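Single-structure report; data block below.
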Amino acid sequence: MNPLLDKLHPYPFEKLRLLFEQVTPSPQHKAISLGMGEPKHPTPKFIEQALVDNLGGLAVYPTTIGSPEMRDAIAGWLERRYNLPKLNPATQVLPVNGSREALFALAQAVIDKDAKSIVVSPNPFYQIYEGAAHLAGAEPYFVNSDPARNFGCDYDSIPEEVWKRVALLFVCSPGNPTGAVLSLTDWENLFALSERYNFIIAADECYSEIYHGEQPPLGAMEATHQLGLATIDKPYARLVVFSSLSKRSNVPGMRSGFVAGDADVLKKFLLYRTYHGGAMSLSVQAASIAAWNDETHVEQNREQYRAKFNAITPLLKEVLDVELPDAGFYLWADVSRTGLSDTEFAQRLYAEYNVTVLPGSYLAREAHGINPGRNRIRMALVAETTEGLEAAQRIVQFCKSLNK
């Protein structure tokens, strides 16, 4: 077996299962889970119908590069959403089976196993970043999020000897679990570092369409144009952007997303994926085209999340240190004032009120002397508002019971 597999950590939900293994949840309460970030809003009917209408695609082997119509739909969405100049759908866009598999696969295509490379990741982070680094033969390097910087990472704290070995940098904006969005200044700094040290930026933007203010989150490709960096000869140099329909369109089971950006990187990535077997079914492509070409359902979905967060966040602020995030569908709450650790909080809340939350320490690693997820919990507000409110009310009751 591949010895690098031994470097993989248990997934956060496996740790959560073990934490709850000896716990019997309260039988007085119906189970409510805020643990997993799986969208629960209904899938739009027109997307379902597009899938049904194109089931004939199941009889055809799909190409890895995807149909021209699929790539045109993705390119068109990127151009509209981020006010980009015309993209080349044949070279700058590639459909993938969800952003998760593509994030992992990119590291395998990018990393030179003999170069003792480093992969930089935010901390806390989506665990695929770490696993992708290990299995590509690289060393993960974590940059802690800082509450004083709106949970941004201080990339200037990374020593030059580390930067010289960096081959790939994962960025998640809006962030999981913090919801933080990178600013134009943040992107300017990262682009300058990428040029200086010649590493690729993998920008994970799968939460981009769920935001709570009026201004949509700035995208990485959009930032290159605002900064005047998207030159004609090398547009989006060393930049690969990832997005998905799962959160945007409530279709996590379709496993439909894309990568876009540097045509030279995507050419090599396409070669890798041809051998990797990463082609998307034509039936799923047809439903995806319908989804990318429609914004009405996205706006309606976003309004549901806004209403939910506006109703639930004030309740939880009574008992926890938590703020409305920039974007995404998570609340990243500090439980320190309850006197419980994040794991104790999660375990007792499950036992006494049958509500599942994810301990923040499970989403981070000890780095530079701290685990930035410690004493925090992640709550995924993915269910309908009534269920989310019920969970919030139970959490409030639980916290207040601790002070009696």
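Here are some notes:
- Under the simplified labelling scheme, the H276-D233 pair shows an inter-label distance of 3.0 nm, with each label point 7 Å from Cα along Cα→Cβ.
- Pairs beyond 28 Å (Cα-Cα), from K164/K247; K15/K40; K7/K40; K40/K86; K30/K308: K164/K247; K7/K40; K40/K86
- Here the calculated FRET efficiency for L389 and N2, from their Cβ-Cβ distance with R0 = 60 Å, stands at 0.85, rounded to the nearest 0.05.
- Note on region 134-286: the C-alpha convex hull projects to 10.9 nm² when averaged across all orientations.
- Diagonalising the gyration tensor over the Cα atoms of the chain and scaling each eigenvalue by 5 before taking the square root yields semi-axes of 34, 26, 20 Å, largest first.
- Across region 1-107, Cα pairs under 8 Å and at least six residues apart give a relative contact order of 17 percent.
- Length gained when the stretch R196-E38 is fully extended (0.36 nm per residue, less Cα-Cα span): 53.1 nm
- With 5 Å bins from 0: P(r) over region 63-116, alpha-carbon pairs, percent: 4, 18, 21, 20, 18, 11, 5, 5, 0
- Counted charge near R149, where neighbours are those whose Cβ lies closer than 12 Å (Asp, Glu -1; Lys, Arg +1): -4
- Extension gain, S183-R80: 0.36 nm per intervening residue step, less the Cα-Cα distance, totals 35.1 nm.
- In nm, spacing of pseudo-spin labels at R337 and K267 (7 Å Cα→C-beta vector): 5.7 nm
- Taking every alpha-carbon pair under 8 Å whose residues sit at least 6 apart, the chain reaches a relative contact order of 25 percent.
- Protection proxy ranking of 60-72, 335-347, 11-23, by the mean of other Cβ atoms within 10 Å over each peptide's residues and highest first, is 335-347, 60-72, 11-23.
- Between H29 and E214, residue separation times 0.36 nm minus the direct Cα-Cα distance comes to 62.9 nm.
- A crude spin-label estimate for the pair A59 and Q300, with each label 7 Å from Cα along the Cβ direction, gives 3.3 nm.
- FRET efficiency, L402 to H368 (Cβ-Cβ, R0 30 Å, nearest 0.05): 0.45
- Packing-based ranking of 231-244, 136-149 yields 231-244, 136-149, ordered from highest to lowest mean Cβ neighbour count within 10 Å.
- Given +1 at the Cβ of Lys and Arg, -1 at the Cβ of Asp and Glu and no other charges, the dipole of the chain around its Cα centre is 600 debye to the nearest 20.
- Packing, taken as the mean count of other beta carbons within 10 Å per residue, orders the peptides 246-252, 154-160, 396-402 from highest to lowest as 246-252, 396-402, 154-160.
- Placing unit charges on the Cβ atoms of the charged side chains and taking the dipole of the chain about its Cα centre, the candidate lying farthest along the positive direction among L8, S283, S117 is L8.
Here, each number is a calculation from the coordinates, and none is a lab measurement. These numbers were taken from a predicted model, which means no experiment stands behind them. Counting neighbours? That spans all protein chains shown, and the Cβs are built from the backbone with ideal geometry, glycine included.
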